[in-house]
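Have a look at the structure below, then the notes.
The values are calculated or read from the model by the stated rules, or taken from the named source; none is laboratory data. Everything numeric in this text was worked out from a predicted model, so none of it was measured. Every residue, glycine as well, gets a Cβ built from its backbone with ideal geometry; the counts of neighbours run over all protein chains shown.
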Amino acid sequence: MPAERRTLDATPAGEPRFCHNRREYTPGAAAVSTTPSPGPTAVPATDATPLPTREPDAATLAQADAATLAQAAERAAGDLLAPPARHRLADVIPAPQHVQSDATGDWVLPAEAVIVASADPAALAVGEQLAHLLRPATGYPLPVTDATTPEPAGGIALVLDDTVDLGAEGYRLDITFDGVRLTASTAAGLFYGVQTLRQLLPAAIESPGPVTERWSLPGGTITDAPRFPYRGAMLDVARHFFAVEDVLRVVDHLARYKLNHLHLHLTDDQGWRIAVDSWPKLTTLGGTTEVGGGPGGHYTKADYARIVTYAADRHITVVPEIDLPGHTNAALVAYPELAPDKTAPPPYTGTEVGFSYVDPADERTYDFVSDVLGEVAALTPGPWLHVGGDEAFKVKGEVYTGFVERVQRIVADLGKTVVGWHQLAPAAHLDGRVLQWWGTNGEDPTTAEAVRRGARLIISPGNHAYLDMKYAPDTPIGHDWAGLIDVRKAYDWDPGMHVTDVPSSAVIGVEAPLWTESVTSLTDIELLLLPRLPAIAELGWSPRATHDWNGFRDRLAGHGPRWGAAGIAFHRAPEIPWPSGPAIPAQRDPAVPTQSDTTREGVDLT
Ligand code: TNX
């Protein structure tokens, strides 16, 4: 642990530095995109032609026919004179593996398009997700049907075909004059293809209400598959607690960029956030605090199941973390018998680390660990259990490794795979175990040695991937103990080559952790996540050959209007050429109710 790590200033209890509702937030360099540019046209949401009060006569009918014909002709002319698709096929984040453009294949989504999916519940589910994404902005009905052999036929075909060789997460996207064909051998592949398709449509597709827009797509073929199987982000819900709705929205952000793991840091000194039936006071006592003295909170088992299901529907696996043996003050408040001196410590709402630990010499500690991990494992369909292991400064040497080895066996006996911070490295290897490396200097012989004994790594360098680091000195929230991380710093490194003497074959992927000592609202989360999360996502997904800062910067710029249209806060990083001027056509009717986002806290767009 770097020494400067301790310089994080504590927030005095009762005096939160960060307000929960950041709608009025007006930082200097870091700007929330608050207002979509006024669009050129605003047309009514519905055809407001008044209904005739009596039977129309022949002349009126002829007039109406002529008007309809004229409208149709105008539309056809518009189509002929239409500008080509605004996006290039390669304008996707993460950069796809292979892109073959074909301008003759540019295509415009018609109002009567149908989404036809393979007759398989998994493919139909992705079809519904696609329709759900496209209906609000287009206002088109986009019915979803099934077929044994789906064909685009002027719409969108989702083909689930287990004979194609695209891997567990790959897809192929063909855009031609006849529509779109998306092919994959798994539902995950189709889902990722849908995310690509979404980015190839004009930014206004993100609008929660109908807009006037030509829904054009650039012609050609994308063949794509990820570089690493593990692509994640972590949310610390312990330092500050976040409502289920906020977590679901973070899941949405992960899904957009083809991340497939959400690591939840569920326990820490400041709060215990997951209900455990056999040790109920963990939440009833240990869950009622957070940094700065706020009320905290916890997830019931039903809440947690809701997050797990919502994530799974988006092909995201939840990785729950119970941090042991340190970072356990909240547990000790609830159950003093776990404390080394058998005395309840005062609840902790500051931001120091490394002072607390469960008693490694007491058998009741191992009952506690078994019960907690057993209940969390039972709630978690994914293969991983993260057991923390970081910053247990007071549990040293063989006492530490002995504790970790017992915990690792408990996890294995539950049928799960151990993940832990790289401080676990000196403990004996156990089949499959994964270390999450969060160093700031790639020279780490202890971790390299653990890899030689069989460990695999998730790479989360503190000075590149930590989303709680400030972008610049004036970033109003976040830390700087690992340095400042602007977008280029988040992007310009290689997870496969980062730790000396660790071959890329031992790296299962990359993760961007967001610690929340200074993060109190969904808007704060988004300001730190965006635009750096797409950078980390590209490192996890894209082949190294596509890595190019200038190209990434330009592609990223196009996402500003998307987030703006969707009401998502982001940091207007000065090194990104965000487009200026009108980007999003006006909504047809601002009164049209938005999707589920209306219930969530977000940036005030009015
Ligand atoms: C280090 S990274 C920690 C966390 C802090 C974070 C703040 C790691 C495994 N431990 O306890 O929240 O720094 O950046």
Query - Tally, over the stretch 140-160, of residues that are part of a loop (DSSP other than H, G, I, E, B), buried (at least 16 other Cβ atoms within 10 Å of the Cβ) and not aliphatic (A, V, I, L, M) - result: 4
**Report entry** Test: T440 is buried (at least 22 other Cβ atoms within 10 Å of the Cβ), at pLDDT 95 or above, within 16 Å of the ligand (Cβ to nearest atom) and under 28 Å from G397 (Cα atoms)
**Finding:** no
Report summary line: Listed by first then second residue, the pairs whose first member lies in the stretch 190-201 and is farther than 17 Å from L124 by Cα, whose partner is modelled with pLDDT of 95 or more, with beta carbons under 6 Å and at least 6 positions apart or on separate chains, are T196/V92; T196/L173; R198/L133; Q199/V92; L200/L217; L201/W215
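Residues checked against (1) within 16 Å of the ligand (Cβ to nearest atom); (2) surrounded by fewer than 16 Cβ atoms within 10 Å (Cβ to Cβ):
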{"site": "G402", "(1), (2)": "no, yes"}
{"site": "Q408", "(1), (2)": "no, no"}
{"site": "G415", "(1), (2)": "no, yes"}
{"site": "V434", "(1), (2)": "yes, no"}
Query raised in the report: So which of A255, A312, A302 is over 27 Å from T401 (Cβ atoms), modelled with pLDDT of 95 or more, in contact with a helix residue (DSSP H, G or I) (Cβ under 9 Å, 6 or more places away or on another chain) and surrounded by fewer than 24 Cβ atoms within 10 Å (Cβ to Cβ)?
Result: A255
Query raised in the report: Regarding D323, is this residue buried (at least 17 other Cβ atoms within 10 Å of the Cβ) and closer than 14 Å to H265 by Cα?
Result: yes
Report task. For H422, indicate whether it is more than 19 Å from I536 (Cα to Cα) and within 15 Å of the ligand (Cβ to nearest atom). Result -> yes
Query raised in the report: Among the residues of the stretch 449-459, is there at least one that is touching a residue at least 60 places away in the same chain (Cβ under 8 Å) and under 25 Å from P543 (Cβ atoms)?
Result: yes
Report task. Output the residues belonging to the stretch 504-520 that are away from the ligand (no atom under 16 Å from the Cβ) and in contact with a helix residue (DSSP H, G or I) (Cβ under 8 Å, 6 or more places away or on another chain). Result -> S504, A506, V507, G509
Query raised in the report: Do any residues in the stretch 358-371 that are under 18 Å from P345 (Cβ atoms) have Cβ atoms under 6 Å from those of residues that are part of a loop (DSSP other than H, G, I, E, B) and among the hydroxyl-bearing types (S, T, Y), where the two are at least six apart or on different chains, and which pairs are they?
Result: V358/T328
**Report entry** Single residue of L235, L248, L254 found to be under 18 Å from the mean Cα position of the chain (by Cα), of a type in the set (A, V, I, L, M, F, W, C) and in a strand (DSSP E or B)
**Finding:** L235
**Report entry** helices (runs of 4 or more DSSP H) contained entirely in the stretch 284-387, each with at least 1 residues that are more than 27 Å from E398 (Cα to Cα) and aromatic (F, W, Y)
**Finding:** 301-313
Requested in this report: Within the stretch 465-485, work out how many residues are more than 14 Å from the ligand (Cβ to nearest atom) and surrounded by fewer than 20 Cβ atoms within 10 Å (Cβ to Cβ).
Outcome: 4
Query - Boolean, T317 is under 20 Å from H240 (Cα atoms), crowded, with 16+ Cβ neighbours inside 10 Å and touching a residue at least 12 places away in the same chain (Cβ under 8 Å) - result: no
Query raised in the report: Out of curiosity, is A448 aliphatic (A, V, I, L, M), buried (at least 17 other Cβ atoms within 10 Å of the Cβ) and away from the ligand (no atom under 16 Å from the Cβ)?
Result: yes
